[in-house]
Amino acid sequence: PRMDDPAFARLLDGVRARDPQAAVTFVRAYRPGLERYAAAVLRRAGARGRFDPEDVCQAVLLAFLGWLDRGGRPANDPEKVGRLLRRSARN
């Protein structure tokens, strides 16, 4: 996502406050790229037929949103959050 750090911090604050629109905005911003990344990782691992990239993406996003809800505090940097999500998908 292309947004400055203060705007991204406000988005994360909205997600933590359980604002449904903030959660939708967050997911819409990260899901497409994360799903493409998961597909590439699964293809390279030869696991594309056993695992669905969309399922991996949903699991990663759900885990991240749950972590935020429990008080997780990622960097207020959209690129760093993207790297964290990709690392989670890879693992």
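The values are calculated or read from the model by the stated rules, or taken from the named source; none is laboratory data. This is a predicted model, so every value here is computed, not measured. Every residue, glycine among them, receives a Cβ derived from its backbone with ideal geometry; neighbour counts consider all protein chains shown. Each accessible area value is taken on the protein alone, full model and side chains, heavy atoms only, with ligands, DNA and RNA left out. Shrake-Rupley method; radii C 1.70, N 1.55, O 1.52, S 1.80 Å.
Assorted remarks:
- Contacts under 9 angstrom Cβ, first residue in the range 75-87 being more than 17 Å from residue 27 (Cβ to Cβ), partner at pLDDT 90 or above, 6 or more apart: 75/81; 75/84; 76/8; 76/9; 76/12; 77/8
- Check on residue 1, modelled with pLDDT of 95 or more and open to solvent by 20 Å² or more (accessible area, probe 1.4 Å): no
- Residue 10 open to solvent by 90 Å² or more (accessible area, probe 1.4 Å) and either in contact with a helix residue (DSSP H, G or I) (Cβ under 8 Å, 6 or more places away or on another chain) or of a type in the set (Val, Ile, Thr) (or both): no
- Selection within the range 1-13 - free of Cβ contacts under 8 Å to residues at least 40 places away in the same chain and either in contact with a Pro (Cβ under 7 Å, 6 or more places away or on another chain) or acidic (Asp, Glu) (or both): 4, 13
- Count - residues of the range 14-59 that are farther than 13 Å from residue 82 by Cβ, open to solvent by 70 Å² or more (accessible area, probe 1.4 Å) and in contact (Cβ under 8 Å) with a residue 24 or more places away in the chain: 1
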